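> Below you'll find the structure I mean.
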Amino acid sequence: MTAVDVGIIGAGPAGIAAGIEAATAGCSVALFDGHLEPGGQLIKQIHRFFGSREHRAGVRGIRIAHELWTEAQSLGVQSFLGWEVFGVQSSPSGFRLHARLTDDMSVDDQPISKTVTARTLILATGAEEKAINFEGWTLPGVMGAGAAQTMANVWRVRPGESVLMIGAGNVGLIVSYHLLQAGIDVAAVLEAAPTIGGYGVHAAKISRAGIPILTSHSIIKALGTEHVTGALIAQVDPSWNPISGTERKIDVDSICIAGGLRSNTRLAKLAGCQLAFCRELGGWLPIHNAQLETTVKGIYVAGDAAGIEEASTAIEEGRIAGLVAARSLGRDDKASSDRLDGMKERLSSLRGGPFCEGIRVAKRRIFDLGEEPCPTA
Amino acid sequence: MRVQNHPILGVLHEVREVALVVDGVRIAAREGETIAAALAAAGIRIHRYTPKQSTPRGVFCAIGQCTDCAMTVNGRPNVRTCMTRAANEMIIETPNQSQGRLD
């Protein structure tokens, strides 16, 4: 059985960054992801990031994923791509991770399960899309915005030819533009709130392309019996109730839901980490302190799994979790302490803008919960 | 319905073609892509019918989280088509297609 210092679940920006730091500090690292391609959702981000140069402003997400992965590989991070971790158990020497080959259809005589022990564990399991429940939402052709983005940018397939986007947060706005770039007609972007939730720069790109962004509008139902053939939409009042007489039909073959994200907490729950509900960070997430340690000693959390933010913050959180895990195993010299301070400063600067006020307050609240003494497990 | 030319990602590179048999009909797939991608490229949107209400389901999350896209592959039920790579001569079946609607 493979035994490592640090086990990491999720090879997105947080997980890879955690692996880089833990390996740099001299730890042996095993990095798992159920997908064959490393990078998590970065491999779908074909737009240039913005922010500061140290956070790779001007570089496309797909490029960032490649750079991070190359660095992790050069540092000797052991990767288990295509292996889904489905079980976490505590063991005398730390944690036992049970993984299964995601796609075993074309495997003949190779083992399809694997167990690895890790002295510490970093959960970088990312997020899942929130669904919005409306009449007809289960029809083929209704999908998460991320699903359409995956189809178009990773698999180079149009999931439909004409799309109605529900939600004008950053995901809804950015994915609408990606779908346009894939040759898909975006009929409109609906937003139930009176103003858009995403950045103006993303909305401007959509508007310049001639796509209407209809605020105070929502979907009433998806039309069609076997698959989507259209959508019924309406204007809504400030309580998001449809205003009668404003209903109209839009002809589309697909409806994308961009209703926000929530942390993927399944393994955290399984491992016994306590969760807290935090609206600003997407919903339920593992309670953690400023060192990103959960309520289970030796288990850390980073990236969207620690509350919904962005790829740049995920990378910094991953770095912190990786280094803190290494320091907990004795790699706690002065140099690593200085390095950790630098990461925390960069993370603070990422959360420094007025858009992030809610995030800052929410994270402090989670940290306060995380500082409480651990309940005896 | 493939994205042959993309302003950022460029021209779709050539790969070997494999054949899938979907409910008895042969469709072409790109080697290495998921079954779900191949079905979408072929314009197939219904992946299964639910066992009780017999309502259709298709791809919803495309990253292995929701299981809506599960189909029967080479006789094995409940295979997530968004996480399973297309292989030559795979037999894909739409679950519960023939049981008829209950409502």
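> Hey, if you put +1 on the Cβ of every Lys and Arg and -1 on every Asp and Glu Cβ in chain B, which of B:67, B:81, B:21 ends up farthest toward the positive end of that dipole?
The residue sitting farthest along the positive end of the dipole is B:67.
> Next up: State the answer as a single residue: which of A:335, A:66, A:77 lies farthest towards the positive end of the charge dipole of chain A, with beta carbon charges of +1 for Lys and Arg and -1 for Asp and Glu, about the Cα centre.
Going by the Cα projections, it comes out as A:335.
> I would also like to ask the following. In a GNM of chain B with a 10 Å cut-off on Cα contacts, which of B:15, B:79, B:59 has the highest mean-square fluctuation?
B:15
> Right, something else. Relative to the longest principal axis of chain A, what angle (0 to 90°, nearest 10) does the C-alpha long axis of helix A:13-24 take?
20 degrees
> Right, another one. Can you give the helix-only mean residue ellipticity at 222 nm for chain B, where every DSSP H stretch with n ≥ 4 adds -39500 (n - 2.57) and the sum goes over all residues, rounded to the nearest 500 deg cm²/dmol?
Working: 1 runs with 7 residues, N = 103.
Rounded to the nearest 500, it is -1500 deg cm²/dmol.
> Please report, in debye to the nearest 20, how large the charge dipole of chain A is about its Cα centre when each Lys and Arg carries +1 at its beta carbon and each Asp and Glu carries -1 there. All intermediate terms of the calculation are to be shown ahead of the outcome.
On the way: 35 positive and 39 negative charges, 113 e Å.
Dipole of chain A, to the nearest 20 debye: 540 debye.
> Other chains near B:53-60: what is the mean number of their Cβ atoms within 10 Å of each residue's Cβ?
If you average over the peptide's residues, the count of other-chain Cβ atoms is 6.
> For the range A:201-218, list residues with backbone N below 15 Å from a point placed 7 Å from the Cα of residue A:247 toward its Cβ?
It comes to A:218, nothing else.
> Right, next: Do you know the relative contact order of chain A, to the nearest whole percent, from alpha carbon pairs under 8 angstrom that are 6+ apart?
RCO, chain A: 18 percent.
> Then there's this: What is the sum of charges around residue A:20, taking Lys and Arg as +1, Asp and Glu as -1, for the other residues whose C-beta is under 10 Å from the C-beta of residue A:20?
Once positives and negatives cancel, what remains is -1.
> How many partner chain Cβ atoms sit within 10 Å of a residue's Cβ in peptide B:74-80, on average, as a whole number?
That average works out to 1.
> Here is a further query. Is it possible to state the helix-based mean residue ellipticity at 222 nm for chain A, with each DSSP H run of 4+ residues giving -39500 (n - 2.57), the sum divided by total residues, to the nearest 500 deg cm²/dmol? What is it?
-9000 deg cm²/dmol
> Let me ask something else. Give me the inter-chain shielding for A:140-151: mean count of other chain Cβ atoms within 10 Å, whole number please.
6
> Something else about it: If you average the sequence gap of Cα pairs under 8 Å that are 6 or more apart and divide by the length of chain B, what percent do you get for the contact order? Present the calculation step by step, with values, prior to reporting the outcome.
Details: 199 pairs, mean separation 30.8, N = 103.
Reported relative contact order: 30 percent.
> Could you tell me the relative contact order of the range A:205-308? Use alpha-carbon pairs under 8 Å, at least six residues apart, and round to a whole percent.
With pairs under 8 Å counted, the relative contact order is 17 percent.
> Right, something else. For residue A:91 and residue A:104 in the same chain, what is the full-extension length gain: residue separation times 0.36 nm, less their Cα-Cα distance, in nm?
So the extension gain works out to 1.9 nm.
> Would you mind listing how long the range A:114-197 runs along its three principal axes, going by Cα atoms, in whole Å with the largest first?
51, 32, 24
> Once you list every other residue whose beta carbon is under 12 Å from the beta carbon of residue A:250, what net charge do they have if Lys and Arg are +1 and Asp and Glu are -1?
Here the charged neighbours net out to -1.
> Beyond 36 Å, what share of the Cα-Cα pairs of the protein assembly as shown remains, rounded to the nearest whole percent? Can you show the working numbers first?
Numbers: 35043 of 114960 pairs.
Cα-Cα pairs of the protein assembly as shown separated by over 36 Å account for 30 percent.
> Taking 20 Å as the cut-off for C-alpha to C-alpha distance, list the pairs among A:44/A:205; A:269/A:344; A:130/A:221; A:221/A:249; A:269/B:52 that go past it.
In this structure, A:269/A:344; A:269/B:52 exceed 20 Å between Cα atoms.
> Hey, got a sec? Which trypsin sites (Lys or Arg not before Pro) in chain B land in a DSSP loop and have at most 13 other Cβ atoms within 10 Å?
Loop-located and lightly packed - B:16, B:52, B:101.
> What is the calculated FRET efficiency for residue B:13 to residue A:201, with r their C-beta to C-beta distance and R₀ = 35 Å, to the nearest 0.05? Write down the numbers at each step before the final one.
Numbers: r = 31 Å, r/R0 = 0.90.
Efficiency at R0 = 35 Å is approximately 0.65.
> Name the chymotrypsin sites (Phe, Trp or Tyr not before Pro) in the range A:1-101 that are in a loop by DSSP and that have at most 15 other C-beta atoms within 10 Å, would you? List each step's numbers first, then the result.
Values: sites: A:32, A:49, A:50, A:69, A:80, A:83, A:86, A:95; in loops: A:49, A:50.
Taking the range A:1-101 and a limit of 15 other Cβ atoms within 10 Å, the loop chymotrypsin sites (Phe, Trp or Tyr not before Pro) found are A:50.
> Moving to a separate point now. So if I place +1 on the C-beta of Lys and Arg and -1 on the C-beta of Asp and Glu, and nothing else carries charge, what would the dipole magnitude of the range B:15-95 be about its Cα centre? I want it in debye, nearest 20.
So the magnitude is around 200 debye.
> A further question on this structure: Enumerate by residue number the chymotrypsin sites (Phe, Trp or Tyr not before Pro) in the range A:236-321 meeting two conditions: DSSP loop (anything except H, G, I, E, B), and at most 13 other Cβ atoms within 10 Å of the site's Cβ.
When the chymotrypsin sites (Phe, Trp or Tyr not before Pro) of the range A:236-321 are filtered for loop state and at most 13 Cβ neighbours within 10 Å, A:240 remain.
> A further question follows. Excluding the sites themselves, what is the longest stretch of chain A that contains no GluC sites (Glu not before Pro) in a DSSP loop with at most 15 other C-beta atoms within 10 Å?
Working: sites that count: A:161, A:226, A:247.
My reading of the result: A:1-160 is the longest stretch.
> Rounded to a whole number of µm²/s, how large is the Stokes-Einstein D of the range A:14-130 at 20 °C and 1.002 mPa s, given Rh as the Kirkwood radius over C-alpha pairs? Numbers along the way, then the final one.
Working: Rh = 15.6 Å.
Translational D for this selection: 137 µm²/s.
> Within 10 Å, Cβ to Cβ, of residue A:282, how many net charges do the neighbouring residues add up to if Lys/Arg are +1 and Asp/Glu are -1? Please list the in-between numbers first.
On the way: positive: A:130, A:262, A:279; negative: A:128, A:280, A:304, A:309.
Net local charge, residue A:282 excluded: -1.
Laboratory data are not the source of any read-out in this text; all were calculated from the coordinates shown. Model, not experiment: these values are computed from the prediction. Don't worry about glycine lacking a Cβ; one is built from the backbone with ideal geometry, like all the others, and counts go over all protein chains shown.
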